[in-house]
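The structure appears below as structure tokens.
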Amino acid sequence: MTEPAITIAGLHKHYGDLHAVDGLDLEIPRGEVFALLGPNGAGKSTTVEILEGFRKRTAGDVSVLGVDPHHATKQWRSRVGIMLQGTAERGSLTASEALRYAASLYTSPRGVDEMLEAVGLTEKAGSKPATLSGGQRRRLDVALALIGRPEMVFLDEPTTGFDPEARRQFWTLIESVRGDGTTILLTTHYLDEADHLADRIGIIAAGRMVALDTPAGLRARAADARVTWTEDGVTRTEETATPTAFLRELLARTPEEIAGLEVVHPSLEDVYLRLIGDAANVSAGEDATQEGSA
Amino acid sequence: MTTTRASSVPTWMSMTRGRFVVEVKEFTRTREQMVFIFFFPMMLLLLFGSVFGGQEIADGVSFAQYFLPGMIASGILNTGFQSLAISIAIDRDSDALKRVHATPLPATAFFAAKVTQVLAVSVVQIAALVAIGVALYDAELPTGSGWWTFTWVFLLGTAASTTLGIAMSSLLRNAKAASAILTPLVLFLQFTSGVFLVYTQIPTFLQHVAAVFPLKWLAQGMRSVFLPESFEAAEASGSWQHPATAIVLALWMVLGLIVSVRTFRWTRHDDN
């Protein structure tokens, strides 16, 4: 296989004392759909904007399609499609004019009409951004990012603010692109979106990668069940892969009625929340240590 | 999705041309630009011309005739400097510039398209102003060497205005401040540079202040094109001062270029 689409090694981005990205390592092979998942302020967009060549990094090595994006060339730009986080409400060009202009910048662009159809904007081809809904503008942004037939696509929080129906449509659109070998890096704070679209998910919190796995792998982490009960007036918890066996043993040694007995299978969301929660605790602990030593 | 092969590989020229068309559409479809930048000098020419038009300034030159070159000069400043500074500041604030930067469009093609758009708008604007002047206020078209003077004053004035406009867009911290800061600045120059008032009739110290900035020289250069030769004696220095005009405009252009190159950024100031 060829070199990876993206290589990140020891990436740091500091704003004064704030470590927005705090030592990130990642490799994304070509053709993969990768989701960077995390809460607001976790460092997702900072990382993506460094990869897009918009931000300088404090330290670390980064390569996108074999090029350091900090030294992006126009040739490199023609191989990369970018959908920024915000959407353009202004602008005097109609959807089809904007796409036609964008297509003229690339050597082998996708067709304007096909692109409009793919994002469901055929009816709105003659509309300007001001008369499109937020979701429609976002779909036009996707079309603009894909029109140049890029090898690498960045989608920064593509569905934030979408209603569930619009998000489903967006997912269908992305699935239609992934087939032709395009590498996609998307950021999201929706777990179900990452689960649905991505080959692999990187969970990022406080600027660090706290988990890197396939959706199935992450779900497997949720396999352990949590048994909760009260014994001698104390609430106790046991996490176990074999809750039935554990219950049998618990019942055997406890003849009386067990108070507050509960068996819970954590969802993927519980796994996610615990991961980002741990990261928040770790960084809070570090802050306390730093303050103590200061 | 099926493949559509483009018939041609994009070149610098084709991308500049394509961007020029986009810039012209953006300008002509923005009401503020059309009203306050494009039509404003014409409205002022008609207004001042009908109010003060008959007054004679010097030997057979009416105020309306004096006002025409002033309006042409400030049209160049409006379109190049004010409009460009504000529109680029807005585009930077709204991430429109960042979007441009995300495409393979070369920066030189982007600026070439902007400058060409300014030139195109200015040419149409000046043609309309001259047509109004000729039709209503007995203005005369330049002859012979007048066209040559017009051409270099116009090109040098536009060059200085556009580079200063791009430079100013970076110095302004945000788009909201842009028009609030630039409008009074341009108004001050218009009052002191021989546009709204006759240059020789304002206090000498204000003349000196105005003489630092390009508009005074641009207006004087345009007067040398559109007013009779006899008016030259009525200028503050008794001369059209062509060499000095070329030098001052060129210096401002170079200053604008240096500041532009050093300060221009595609992203917001807080976005790094």
Neighbours by Cβ (under 7 Å, 6+ apart or cross-chain): first from segment B:155-174, over 14 Å from B:Ala250 (Cβ atoms); second among the β-branched types (Val, Ile, Thr): B:Ile166/B:Ile88; B:Ala167/B:Val259; B:Ala167/B:Thr263; B:Ser169/B:Ile88; B:Ser170/B:Thr263; B:Leu171/B:Thr263; B:Leu172/B:Ile181
Sole exception among (1) within 25 Å of A:Glu193 (Cα to Cα); (2) more than 14 Å from chain B (Cβ to nearest Cβ) for A:Ser45, by number: (2)
Answer residue from segment A:67-79, given it is in a helix (DSSP H, G or I) and more than 7 Å from every other protein chain (Cβ to nearest Cβ) and is farthest from the chain's Cα centre (by Cα) among those: A:Gln75
B:Phe63 vs. criteria under 20 Å from the mean Cα position of the chain (by Cα) and surrounded by 12 or more Cβ atoms within 10 Å (Cβ to Cβ): no
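Quick check on this structure: which one of A:Arg168, A:Arg208 is under 23 Å from A:Gly81 (Cβ atoms) and modelled with pLDDT of 85 or more?
Details: A:Arg208 fails: under 23 Å from A:Gly81 (Cβ atoms).
Of A:Arg168, A:Arg208, the one residue that is under 23 Å from A:Gly81 (Cβ atoms) and modelled with pLDDT of 85 or more is A:Arg168.
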Positions within segment A:172-193 being hydrophobic (A, V, I, L, M, F, W, C) and either modelled with pLDDT under 90 or in contact with a Gly (Cβ under 7 Å, 6 or more places away or on another chain) (or both), in sequence order: A:Leu173, A:Ile174, A:Val177, A:Leu191
Residues of segment B:223-245 satisfying the condition of being among the hydroxyl-bearing types (Ser, Thr, Tyr) and more than 16 Å from B:Ala73 (Cα to Cα): B:Ser230, B:Ser237, B:Ser239
Yes/no for B:Thr108 being of a type in the set (S, T, N, Q), assigned to a helix (DSSP H, G or I) and within 14 Å of another protein chain (Cβ to nearest Cβ): yes
Output for segment A:80-110, where each listed residue is part of a loop (DSSP other than H, G, I, E, B) and under 28 Å from the mean Cα position of the chain (by Cα): A:Leu84, A:Gln85, A:Gly86, A:Thr87, A:Ala88, A:Glu89, A:Arg90, A:Tyr106, A:Pro109, A:Arg110
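Taking A:Ala125, is it over 20 Å from B:Ala107 (Cβ atoms) and crowded, with 23+ Cβ neighbours inside 10 Å?
Working: over 20 Å from B:Ala107 (Cβ atoms): yes; crowded, with 23+ Cβ neighbours inside 10 Å: no.
No; evaluated as a whole, the condition is false for this residue.
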Of residues in segment B:79-103 being touching a Phe, Trp or Tyr at 6+ places or on another chain (Cβ under 7 Å) and not aliphatic (A, V, I, L, M), the one surrounded by the fewest Cβ atoms within 10 Å (Cβ to Cβ): B:His101
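Of the residues A:Leu251, A:Leu186, which single one is surrounded by 12 or more Cβ atoms within 10 Å (Cβ to Cβ) and not in a loop (DSSP other than H, G, I, E, B)?
Numbers: A:Leu251 fails: surrounded by 12 or more Cβ atoms within 10 Å (Cβ to Cβ).
Just a single option satisfies the conditions, and that option is A:Leu186.
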Some residue of segment A:150-171 being within 13 Å of chain B (Cβ to nearest Cβ), surrounded by fewer than 20 Cβ atoms within 10 Å (Cβ to Cβ) and touching a helix residue (DSSP H, G or I) at 6+ places or on another chain (Cβ under 7 Å): no
Selection within segment A:194-222 - touching a Phe, Trp or Tyr at 6+ places or on another chain (Cβ under 6 Å) and among the charged types (D, E, K, R): A:Arg200
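Results for (1) at pLDDT 90 or above; (2) part of a helix (DSSP H, G or I); (3) more than 14 Å from chain A (Cβ to nearest Cβ), shown as yes or no for each residue.
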| position | (1), (2), (3) |
| --- | --- |
| B:Leu44 | yes, yes, yes |
| B:Gly49 | no, yes, yes |
| B:Ile57 | no, no, yes |
| B:Ala64 | no, yes, yes |
| B:Leu68 | yes, yes, yes |
| B:Gly75 | yes, yes, yes |
| B:Phe81 | yes, yes, yes |
| B:Ala85 | yes, yes, yes |
| B:Arg99 | yes, yes, no |
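Residues that are under 17 Å from the mean Cα position of the chain (by Cα) and closer than 26 Å to B:Ala127 by Cβ: find the helices (runs of 4 or more DSSP H) completely inside segment B:151-258 holding 3 or more of those.
On the way: elements: B:175-192, B:204-210, B:214-226.
Passing ranges, in order: B:175-192, B:214-226.
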Extreme residue, nearest to A:Tyr272 (Cα to Cα), among residues of segment A:223-248 that are part of a loop (DSSP other than H, G, I, E, B) and without any contact (Cβ under 8 Å) to a residue 12 or more places away in the chain: A:Thr242
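Got at least one residue in segment B:127-143 being among the aromatic types (Phe, Trp, Tyr) and either more than 19 Å from the chain's Cα centre (by Cα) or modelled with pLDDT under 90 (or both)?
Looking through segment B:127-143, at least one residue is among the aromatic types (Phe, Trp, Tyr) and either more than 19 Å from the chain's Cα centre (by Cα) or modelled with pLDDT under 90 (or both).
Going by the structure shown, is A:Leu99 buried (at least 21 other Cβ atoms within 10 Å of the Cβ) and in the same structural domain as A:Glu157 (by TED's automatic domain parsing)?
In short, yes.
Does segment B:103-143 hold any residues that are closer than 18 Å to B:Ser14 by Cα and free of Cβ contacts under 8 Å to residues at least 12 places away in the same chain, and which are they? Spell out how you get there, then give the answer.
Going residue by residue through segment B:103-143, those that are closer than 18 Å to B:Ser14 by Cα are B:103-117, B:120.
Residues satisfying the conditions are B:Thr103, B:Ala107.
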Count - residues of segment A:80-113 that are touching a residue at least 12 places away in the same chain (Cβ under 8 Å), within 9 Å of chain B (Cβ to nearest Cβ) and small (Gly, Ala, Ser): 8
Test: residue in segment A:64-79 that is crowded, with 16+ Cβ neighbours inside 10 Å, in contact (Cβ under 8 Å) with a residue 60 or more places away in the chain, under 30 Å from A:Lys128 (Cα atoms) and not basic (Lys, Arg): yes
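The values are calculated or read from the model by the stated rules, or taken from the named source; none is laboratory data. Because the structure is a prediction, the values reported are computed rather than measured. With ideal geometry, Cβ positions are generated from the backbone for all residues, glycine too; neighbour counts draw on all protein chains shown.
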